[in-house]
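Since the structure comes first, as structure tokens, the remarks are kept for the end.
What follows is calculated from the coordinates using simple rules that are stated; it is not laboratory data. Note that the coordinates shown come from a computational prediction; the quantities given were computed from them, not determined experimentally. No Cβ is skipped: glycine too gets one built from the backbone with ideal geometry, and neighbour counts run over all protein chains shown.
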């Protein structure tokens, strides 16, 4: 009976374990799938001829002959739109003042909608801001602009018991009987001819400089800034963390002071990251002055303090996991304590130490709060290694937050936001995979 009960319990625990794994995998899919799908939109999308013009103007990239051919066909398809606008402007001149005023606001809105979709009209002065030099560069955003050109957003308040209901009225109703009457049908029917779409694989999103507050271009400065900050944090935290772990395990006496020290380390691991950011600003910048203001150096030191408890605890556990027989054998052969630590204990504990270090790197790469006050800026160019001691830098975590909450064109650059998120997640996953591979190889090598 007891054996049967044990079998039932074993099967129940095994089933519960597999169910937990399935639920975890499902949660990861639900969480990551939208990020992957929308993040890939920054790399693979349907571009318009405006995108190719922008790439040629700013980055001098693309086939100029094909671009000229696309531009010629796009301009030919757009010409009737501008002809109808010019014809209506002539009608306006012939209208009475009352009729002219009636149409003026509606016509200005229409011109702005056309400019948003197609860019400046032929002969218009070249705008200073890149966002005003081109029409829509992506077909998904061009679709939104076309909808804005064709329809007017209004609210229906006919039912006093309900809030106003958003409805879309055809803009063509405002211009019935005028030269613009056929413009809307033409724009809808010839949309693709005017935009000349094609599928684009924009891998340069990872290496291009951002243009006009990330509206165009790539995210290279943010990637490089994240690398600088993470590397600086590791350079600061790893030696101090590993040496601290060696002291706590091999040299420290078992007394109340050491217990208190371990309590402090555990407490630091639970301190909110924003506190580390404020401390970094107050101590590294305002007190000891590692830099005059925000800098990669100040941010790296702050992140180093943040991950230091994690490095200490993981290194301490890895050192404790080394079999006591290894140490006794080394000491029995006449090696001193420090030599035993360097040649026996540390190599044996290396898989666990490296795992802790790389997981700490993943956390440092994804932290936002500590670098807000010490290192991060919203807009900036990629730094040279010699500039990290004095200059701030863009970084993926901060730029994701900034573009998603504070950017003036937040809805228009969703692809950039999700592209940054996907890049950061891939970066952290690569770090964790590296930890797994290194741990497996070093363990295999140690076992002979």
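Is the shape of the stretch 11-101 best called rounded, prolate or oblate, per the rule: a/c under 1.5 gives rounded, else a/b larger than b/c gives prolate, else oblate, with a ≥ b ≥ c the square roots of the Cα gyration tensor eigenvalues?
Cα axes put the stretch 11-101 in the oblate bin.
Bin width 20 Å, alpha-carbon pairs only: give the P(r) of the chain as whole percents, running from 0 to the bin holding the largest distance.
Per 20 Å bin, starting at 0, the Cα pair percentages come out as 19, 38, 28, 13, 3, 0.
Tell me what the chain gives for mean residue ellipticity at 222 nm when only DSSP H runs of n ≥ 4 count, each as -39,500 (n - 2.57), the sum divided by the residue total, rounded to 500 deg cm²/dmol.
Roughly -21000 deg cm²/dmol at 222 nm, from the helical runs in the chain.
For residue 64 and residue 326, compute 0.36 nm times the residue count separating them, minus their Cα-Cα distance, and round to one decimal in nm.
My answer for the length gained is 87.5 nm.
Pairs of alpha-carbon atoms within less than 8 angstrom and 6+ residues apart define the contacts here; what relative contact order does the stretch 48-199 have, in percent?
32 percent
How far apart, in nm, are the 7 Å Cα→Cβ label points at residue 131 and residue 192?
Label-label distance for residue 131 and residue 192, simple model: 3.1 nm.
Ordered by packing density, taken as the mean number of other Cβ atoms within 10 Å over each peptide's residues, highest first, how do 61-71, 82-92, 189-199 rank?
189-199, 82-92, 61-71
Starting from the Cα-Cα distance between residue 18 and residue 254, subtract it from 0.36 nm times their residue separation and give me the gain in nm to one decimal.
Roughly 80.8 nm would be gained on extension.
Between residue 339 and residue 271, what FRET efficiency follows from the Cβ-Cβ distance if R0 is 45 Å, with the result rounded to 0.05?
0.75
Of the peptides 264-271, 9-16, 73-80, how do they stack up when ordered by the mean number of other Cβ atoms within 10 Å, highest first?
In decreasing order of mean packing, 264-271, 9-16, 73-80 become 73-80, 264-271, 9-16.
Debye sum, Cα scatterers, the stretch 48-199, no solvent: what log₁₀ I/I(0) at q = 0.16, 0.18, 0.19, 0.21 1/Å?
So the normalised log intensities work out to -0.93, -1.11, -1.19, -1.36.
Could you give the distance between the Cα centres of the stretch 398-448 and the stretch 174-223, to the whole Å?
28 Å
If you take the C-alpha gyration tensor of the stretch 96-184, multiply each eigenvalue by 5 and take the square root, what semi-axes do you get, largest first, in whole Å?
27, 20, 12
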